[in-house]
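Peer 1: Have a look at the structure that comes next, please.
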Amino acid sequence: VQLQASGGGLVQAGGSLRISCAASGRSFRFYSMGWFCQAPEKEREFVAAISWSDGSTYYADSVKGRFTISRDNAKNTVYLQMNSLKPEDTAVYSCAASSLGYGLGSPHQYDYWGQGTQVTVSS
């Protein structure tokens, strides 16, 4: 599976942004998808995930109520809608694919990674 993230950019605090991750391959529907972020000099952090098995979604506490992950299996694409953005959301956001259907909060549970897309939130 090859993943290509896009849609990052510069947005003011309080604004919204939707980033996307397009996947290649016919088996996209059988992969759970996750988003992780990494700010300079910080470790990669879990943001959100969506299970392939039942569509369950999982979020980091810091983004609950602000971010929404969704997927369109017909388009082999996963989205992250980010609302009420804060300067501390500034990071490179990467998408990843996992064959697991649960427990998707750790980078070690993912099999494939895409390159990141930069999200910058100005104050």
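The values are calculated or read from the model by the stated rules, or taken from the named source; none is laboratory data. Owing to the predicted nature of the structure, the values given are computational and were not obtained by experimental measurement. Cβ coordinates were reconstructed from backbone atoms using ideal geometry, including for glycine residues, and neighbour counts include every protein chain displayed. All accessible areas refer to the heavy atoms of the entire protein, side chains included, with ligands and DNA or RNA removed. Shrake-Rupley method; radii C 1.70, N 1.55, O 1.52, S 1.80 Å.
Peer 1: Would you mind telling me the share, in percent, of accessible area of the stretch 24-114 contributed by carbon and sulfur at probe 1.4 angstrom?
Peer 2: Values: 2250 of 4770 Å².
Of all accessible area on the stretch 24-114, carbon and sulfur atoms account for 47 percent.
Peer 1: Based on DSSP, what percent of beta bridges with both residues in the chain are antiparallel, to the nearest 5? Present the calculation step by step, with values, prior to reporting the outcome.
Peer 2: Numbers: 36 of 41 bridges.
That works out to approximately 90 percent antiparallel.
Peer 1: Compute a Gaussian network model of the chain, connecting alpha carbons closer than 10 Å, and tell me which residue from 105, 34, 55 fluctuates the most.
Peer 2: Evaluated over the chain, the most mobile residue of the options is 55.
Peer 1: For the residue pair residue 81 and residue 13, what label-to-label distance in nm results when each label sits 7 Å from Cα along the Cα-to-beta-carbon direction?
Peer 2: 2.5 nm
Peer 1: Modelled label-to-label distance, residue 57 and residue 122, 7 Å Cα→beta-carbon offset: nm?
Peer 2: Placing both labels 7 Å along Cα→Cβ, they lie 2.9 nm apart.
Peer 1: Continuing with this model, one more query. Check the chain for me: any Cys whose beta-carbon has no other cysteine beta-carbon within less than 4.7 Å?
Peer 2: Within the chain, the cysteines lacking a partner Cβ under 4.7 Å are 37.
Peer 1: Calculate, in nm to one decimal, what residue 26 and residue 111 gain on full extension: separation in residues at 0.36 nm each, minus their alpha carbon distance.
Peer 2: On the way: separation 85, 0.36 × 85 = 30.60 nm, distance 1.59 nm.
Between residue 26 and residue 111, full extension yields 29.0 nm more.
Peer 1: At a 1.4 Å probe radius, which order do 26, 66 fall into by accessible area, largest first? Mind showing how you got there, number by number?
Peer 2: Details: 26 235, 66 30 Å².
Largest accessible area first, the residues go 26, 66.
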